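The values are calculated or read from the model by the stated rules, or taken from the named source; none is laboratory data. Everything numeric in this text was worked out from a predicted model, so none of it was measured. Here the Cβ positions follow ideal geometry from the backbone for every residue, glycine too, while neighbour counts run over all protein chains shown. Heavy atoms of the whole protein, side chains included, go into the accessibility calculation; ligands, DNA and RNA do not. Shrake-Rupley method; radii C 1.70, N 1.55, O 1.52, S 1.80 Å.
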Protein chains: 2
Amino acid sequence: MLNFDEARFVRIQSGAVAHANGIRSALAACLDQGAKNLFFLGTGGAGILMMPAAQLLQRSSTFPTYLEMPAELVLTGHQALGPNSIVVIPSLSGTTKESVEVMEYCKAKGAKVISLIGHAEAPLAKGADYPFVNFAEDDTSCESFYLQSLLIALTIMDLRGEYPEYVNTVQELVRLPHALLEVKRGVEERAERFAEEIKNEPYHIVTGAGTTWPEAFYYGMCILEEMQWIRTRPVHASDFFHGTLELVEKGVSVLLFKGEDASRPLVERVERFLPEYTDKIRVLDTAEFALPGISEKVRALISPVVLATILERISAHLEVKRNHPLTTRRYYKRVAY
Amino acid sequence: MLNFDEARFVRIQSGAVAHANGIRSALAACLDQGAKNLFFLGTGGAGILMMPAAQLLQRSSTFPTYLEMPAELVLTGHQALGPNSIVVIPSLSGTTKESVEVMEYCKAKGAKVISLIGHAEAPLAKGADYPFVNFAEDDTSCESFYLQSLLIALTIMDLRGEYPEYVNTVQELVRLPHALLEVKRGVEERAERFAEEIKNEPYHIVTGAGTTWPEAFYYGMCILEEMQWIRTRPVHASDFFHGTLELVEKGVSVLLFKGEDASRPLVERVERFLPEYTDKIRVLDTAEFALPGISEKVRALISPVVLATILERISAHLEVKRNHPLTTRRYYKRVAY
């Protein structure tokens with residue numbers, strides 16, 4: 001595989017899953033101390049990656065769960081945030097300024113802070129009640145964040161008697177890093193072709209639904225826009241039909257991300273609509289990839305993880321073909337904001 | 001004013017505010033019957049327009065409130081949806097297929113349905129427990145939906161003792177339609193210049209925060225994309241710094257929507273960043289407009305209403321200058337989806 005360290009990948013994703021016990025202890029302690037709700041507070045892409053876990057809790061658990069943007073929360077406040085809140089703050093660097101600020105804000109309110117970070121020395125590691133350090137970099141952080149936040153959601157549900165399959169699911173997730181590695185190996189050639197095909201596209205509509213919508217949003221904003229300076233329009237597959245579809249015509253690229261959760265028909269609806277109107281439809285479908293030892297139920301939960309793993313291979317080829325390193329920025333962390 | 005019927009505008013917005021008593025009776029009945037939570041379930045733009053009210057309840061009331069997309073909700077289900085749910089479904093036509101489906105879905109779960117529609121004969125009027133009919137069209141529906149959903153949020157809070165200023169606020173809102181008309185009159189010339197300036201732009205980044213973020217999202221998707229076929233990238237002013245900013249360079253248009261709620265500093269942060277990197281910064285700031293008889297507290301609540309009222313004037317000029325009627329569609333309601 002191009003520019004890829006297989007052992008490092010498995011080590012990082014296994015590191016994420018290995019936090020299962022620590023996450024369980026932390027959440028059990030919080031619940032024992034009377035925690036009554038949970039906030040996911042990630043900035044930018046890290047916040048987007050919390051969406052599948054937040055939606056899982058909101059839709060399947062009676063434990064009140066909120067997803068807010070740190071920069072906005074510290075200005076608006078929130079009635080539910082207080083001593084009985086668990087706050088989850090993900091930040092790979094552990095230094096994102098909005099996230100550090102929201103940690104201080106939440107601590108001042110008496111909330112218990114769980115941080116998901118890549119470095120033990122970062123402010124978000126040192127300041128949290130329960131820091132979970134798992135070293136990753138941009139090429140490996142998506143899966144790691146998705147998995148850790150999923151473990152948080154499943155653990156909350158299990159501790160409250162809402163997810164009896166917890167033990168089996170975690171056993172399956174332990175197998176996942178190796179299964180994801182096989183996905184990467186299997187998709188490598190296709191990823192190169194995909195990158196070749198899109199390398200000169202100036203604009204993409206990127207869509208998904210359910211658990212794949214956050215990945216469409218993330219890939220558009222944090223990879224194509226931030227790391228490749230390509231214009232995108234991330235749009236939920238339901239919203240697609242209420243505005244953005246009017247932009248579709250011959251030559252307009254649409255990227256469709258299909259997962260295996262209940263929302264899949266919404267992406268299929270876009271897929272059926274497009275062929276008559278554009279010749280540039282690119283579909284990534286997690287269902288095409290074998291994941292030995294992973295049940296259907298868990299496949300539905302980890303569809304965005306599989307997509308992130310495929311997309312990283314596409315990005316790896318894209319930066320070479322476009323001679324535009326994924327690490328180059330015009331502004332972010334170069335100029336103040 | 002260009003293509004504008006002043007009396008009709010005031011009649012429509014006054015019609016929205018005049019539902020205050022009906023909304024109060026409906027919600028009081030729901031709460032008396034044991035309602036325990038509320039869902040805003042709008043499709044596409046109508047859903048976006050519910051966001052300020054949903055966020056107000058989520059952040060300021062302990063009454064559990066959810067904002068979901070109808071097309072997705074019927075596939076995924078939701079733990080909190082049931083006989084103790086109040087469901088608010090906005091749809092101007094009253095026929096949006098996803099919204100009709102979600103009404104049936106919610107009714108089957110025993111929820112009480114409040115619909116906000118433009119026509120008394122529409123399925124969403126006839127099928128709802130509490131239909132609120134206020135005729136409007138695309139040029140007047142934004143303000144109407146914002147105002148009706150705001151009344152729902154404030155009423156819920158008042159009935160639960162969470163908003164003691166309710167009576168005063170409603171009195172102020174009664175004055176608002178005439179104040180908005182003055183805003184339109186005052187902004188007309190500037191709106192024409194604005195439209196002239198942007199008429200040939202092929203792409204806009206559109207941003208806002210707090211109550212103005214939904215209007216940025218809506219104006220990008222439902223006006224510029226759907227009605228003018230212009231590419232946009234609606235992005236929250238916090239997310240802006242975590243990806244989309246890398247696209248900014250000389251010649252890239254950025255539309256900034258500033259309101260008067262607590263999130264205003266997030267838009268100002270973008271405004272401070274931009275001048276060094278692009279020459280095409282267009283700011284709409286509600287604070288520049290007088291609203292006689294409207295207090296600061298209410299101004300913060302109705303910032304998106306004021307923006308919608310200004311933007312409608314810009315759109316009215318845009319369709320003429322671009323010779324592209326706002327009603328022309330390639331696909332929506334022309335081909336099946």
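One line per residue, one yes/no per condition, for (1) under 18 Å from A:GLY208 (Cα atoms); (2) modelled with pLDDT of 95 or more; (3) in contact with a His (Cβ under 9 Å, 6 or more places away or on another chain):
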site: A:ARG282; (1), (2), (3): yes, yes, yes
site: A:ASP285; (1), (2), (3): yes, yes, no
site: A:LEU291; (1), (2), (3): no, yes, no
site: A:ALA300; (1), (2), (3): yes, yes, no
site: A:LYS321; (1), (2), (3): no, yes, no
site: A:TYR331; (1), (2), (3): no, no, no
All positions within region A:234-261 that are among the hydroxyl-bearing types (Ser, Thr, Tyr) and buried (at least 24 other Cβ atoms within 10 Å of the Cβ): A:SER238, A:THR244
May I ask you to verify whether A:ARG231 is open to solvent by 50 Å² or more (accessible area, probe 1.4 Å) and in contact with a Phe, Trp or Tyr (Cβ under 7 Å, 6 or more places away or on another chain)? yes
Somewhere in region A:16-36, is a residue at pLDDT 95 or above and within 16 Å of the chain's Cα centre (by Cα)? yes
Those residues of region A:166-191 which are in contact with a helix residue (DSSP H, G or I) (Cβ under 7 Å, 6 or more places away or on another chain) and of a type in the set (Asp, Glu) amount to A:GLU172, A:GLU188
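Which is in contact with a helix residue (DSSP H, G or I) (Cβ under 9 Å, 6 or more places away or on another chain) and farther than 30 Å from B:GLU98 by Cβ, of B:PRO265, B:PRO275? I'd like the intermediate steps shown before the answer.
Values: B:PRO275 fails: in contact with a helix residue (DSSP H, G or I) (Cβ under 9 Å, 6 or more places away or on another chain).
Exactly one of B:PRO265, B:PRO275 is in contact with a helix residue (DSSP H, G or I) (Cβ under 9 Å, 6 or more places away or on another chain) and farther than 30 Å from B:GLU98 by Cβ, namely B:PRO265.
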Flagged in region A:305-337 as more than 14 Å from every other protein chain (Cβ to nearest Cβ) and without any contact (Cβ under 8 Å) to a residue 24 or more places away in the chain, in numbering order, are A:ASN323
Please determine, by comparing only the residues of region B:272-298 that are closer than 24 Å to B:GLY186 by Cα and among the charged types (D, E, K, R), which one is most open to solvent (accessible area, probe 1.4 Å). B:GLU296
Within region B:199-213, is there a residue that is within 24 Å of B:MET50 (Cα to Cα), in contact (Cβ under 8 Å) with a residue 24 or more places away in the chain, of a type in the set (S, T, N, Q) and within 12 Å of chain A (Cβ to nearest Cβ)? yes
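Please indicate, with yes or no, whether at least one residue in region A:175-188 is touching a strand residue (DSSP E or B) at 6+ places or on another chain (Cβ under 6 Å), open to solvent by 10 Å² or more (accessible area, probe 1.4 Å) and in the same structural domain as A:LEU307 (by TED's automatic domain parsing).
Scanning region A:175-188, I find no residue that is touching a strand residue (DSSP E or B) at 6+ places or on another chain (Cβ under 6 Å), open to solvent by 10 Å² or more (accessible area, probe 1.4 Å) and in the same structural domain as A:LEU307 (by TED's automatic domain parsing), so the answer is no.
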Positions within region B:193-225 being acidic (Asp, Glu) and open to solvent by less than 20 Å² (accessible area, probe 1.4 Å), in sequence order: B:GLU201, B:GLU215, B:GLU225
What is the one condition in (1) out of contact with any Lys or Arg (no Cβ under 7 Å at 6 or more places or on another chain); (2) farther than 28 Å from B:PHE241 by Cα that B:THR155 does not satisfy? (1)
Every listed condition ((1) more than 30 Å from A:GLU249 (Cα to Cα); (2) within 18 Å of the chain's Cα centre (by Cα); (3) touching a residue at least 40 places away in the same chain (Cβ under 8 Å)) holds for B:LEU255 save (1)
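Mind telling me which of the residues A:THR65, A:THR95, A:THR76, A:THR140 ends up being touching a strand residue (DSSP E or B) at 6+ places or on another chain (Cβ under 7 Å) and either within 14 Å of chain B (Cβ to nearest Cβ) or of a type in the set (Ser, Thr, Tyr) (or both)?
Result: A:THR65 is the single residue among A:THR65, A:THR95, A:THR76, A:THR140 that is touching a strand residue (DSSP E or B) at 6+ places or on another chain (Cβ under 7 Å) and either within 14 Å of chain B (Cβ to nearest Cβ) or of a type in the set (Ser, Thr, Tyr) (or both).
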In region A:278-286, is there at least one residue being more than 16 Å from the chain's Cα centre (by Cα) and at the interface with chain B (Cβ under 7 Å from one of its Cβ atoms)? no
Can you give me the ranges of the helices (runs of 4 or more DSSP H) entirely in region B:12-123 with at least 3 residues that are surrounded by fewer than 21 Cβ atoms within 10 Å (Cβ to Cβ) and in contact (Cβ under 8 Å) with a residue 60 or more places away in the chain? B:20-32
Residues of region B:222-272 classified as of a type in the set (Asp, Glu) and either facing chain A (nearest Cβ under 8 Å) or in contact with a Pro (Cβ under 8 Å, 6 or more places away or on another chain) (or both), total: 6
Would you check which residues across region A:124-144 are part of a loop (DSSP other than H, G, I, E, B), buried (at least 21 other Cβ atoms within 10 Å of the Cβ) and either under 19 Å from the mean Cα position of the chain (by Cα) or charged (D, E, K, R) (or both) and list them? A:ASN134, A:ALA136, A:THR140
Applying the selection to region A:300-337, what residues are open to solvent by 30 Å² or more (accessible area, probe 1.4 Å) and part of a helix (DSSP H, G or I)? A:LEU301, A:GLU319, A:VAL320, A:LYS321
Taking region A:188-231 and keeping only residues that are among the β-branched types (Val, Ile, Thr) and either touching a Gly at 6+ places or on another chain (Cβ under 6 Å) or under 20 Å from A:ALA287 (Cβ atoms) (or both), one is left with A:VAL206, A:THR207, A:THR211, A:THR212
Any residue in region A:246-256 that is over 19 Å from B:ILE205 (Cβ atoms) and either β-branched (Val, Ile, Thr) or not assigned by TED's automatic domain parsing to the domain that holds A:VAL305 (or both)? yes
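May I ask you to verify whether B:LEU291 is away from chain A (no Cβ under 14 Å), assigned to a helix (DSSP H, G or I) and among the hydrophobic types (A, V, I, L, M, F, W, C)?
no
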